[in-house]
1. By how many nm would the segment from residue 288 to residue 326 grow when fully extended, if each residue of separation counts as 0.36 nm and the alpha-carbon distance is taken off?
2. Using a Gaussian network model on the chain with a 10 Å cutoff between Cα atoms, which of 71, 317, 49 fluctuates the most?
3. Report the FRET efficiency, 1/(1 + (r/R0)^6), for residue 104 and residue 255, where r is their Cβ-Cβ distance and R0 is 35 Å, rounded to 0.05.
4. Which distance in nm do the two modelled labels at residue 304 and residue 88 give, with both placed 7 Å along the Cα-to-Cβ direction?
5. Once the convex hull of the alpha carbons of the chain is built, what does its volume come to per residue, in cubic angstrom?
6. Springs between alpha-carbon pairs under 10 angstrom, Gaussian network model over the chain: which of 179, 92, 296 fluctuates most?
7. Counting only C-alpha contacts under 8 Å and six or more residues apart, can you give the relative contact order of segment 235-303 as a whole percent?
8. What percentage of the solvent-accessible surface of the chain, computed with a 1.4 Å probe over protein heavy atoms, is contributed by carbon and sulfur atoms?
Amino acid sequence: MSKKVVIPVHIPTVDEIEASVKSFHSGISDSDYEAYCKENDIPPDEFTTMELLAIASSTMIPKGASMFIGTGLPVLTMTLAQHTVNPDAIIVMEAGMLDPHFEHIPVSVADIRGAYMASTALSMMDAFGTYEQRGYVTGGGLGGAEYDEYGNINATGLWEPPRNQWTSLVSGTGKGPNVIFTGSGGSNPIGTQSDFILSVMVQEKRRFPYKVQFLTTMAAARGPEGESRWDYGVPRGGKGLMVSDLCVMENFPEEGIYDMRLRSVHPGASLKDVIDNVMWELKDKSGKVLKPTDEVPTTPTPSHEQLKVLRMIVDPTRIYLKRKTVREVAYEKEHGKPWRVKVKD
């Protein structure tokens, strides 16, 4: 059994987020922004799910944190943070780039665009050995196929019906996966050796089980007392933060709260939506099991200034922002118009 070491990580509160967003000004003129929106046929005062995910995640990164990130939503999150409320945040990429400042967002962890203005551009061995294992990385931005009550990620496979794969040997069921995903990549050591993990995923009930079918990455505490990461010999980390397309969840291992608790519900979503799309009993920080009629905090709504930066600086060609979730596609099919939420003035 390892000694439990929880390094305090301050995730900005809702009040702190609102204050920092309120004081931020992009310097982009309204006329330029409106011209951009017109050219790309997007409403200037409404946001999509992908935009909400990127903006909500970017505000929750600790000030000046160094973050291991992958492509997609994590790279949007960190780049937006640097350009808005967290200019001192540091990006670390698996291929060895440290502290880049992207001119154009990379599309893979080894994309040469990820080396732009980097302090160093070395190798994957340096990323995990020189930076991560020596304790220089605060957190990681990760996603996956499944995410469970204690913040574990499955990015390996799903096991029904059975197949004969090598993974059947380690699945605990004697059966191989029916669906095979990309696997761990660097997410296992990132989850093991970082102070906290920011997970960003689209939330569906089947993807948020009580327990993942395959534990690819310990992205938070791993389990309750006796089954935690510390009980399995992993001394560092344990803090988890989940930003889904419906809500924000957080655990508090420094207070002995290992499971993921509801922090806030996103604008445009309801508590019922969140409860209906998770398999475990969702609780608030006090431990109260939540019901759809309970009052809960709302995630701060994206501002015009954040949208300006996200759209015109971070992803101007909408490589990632044009993507739609399953929920958005279903809404558009049913209502004949895209899912959008108004920006709060």
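The values are calculated or read from the model by the stated rules, or taken from the named source; none is laboratory data. Every value quoted in this text rests on a predicted model; they were computed, and no experiment measured them. Reconstructed Cβ throughout: ideal geometry from the backbone, glycine too, with neighbour counts over all protein chains shown. Each accessible area value is taken on the protein alone, full model and side chains, heavy atoms only, with ligands, DNA and RNA left out. Shrake-Rupley method; radii C 1.70, N 1.55, O 1.52, S 1.80 Å.
1. Extra length from residue 288 to residue 326 when fully extended: 10.7 nm.
2. 317
3. That pair, residue 104 with residue 255, gives E of 0.25.
4. My value for the distance between the label points is 3.0 nm.
5. About 145 Å³ per residue, rounded to a whole number.
6. 179
7. Reported as a whole number, the value is 27 percent.
8. Result for the chain: 53 percent of the exposed heavy-atom area is carbon or sulfur.
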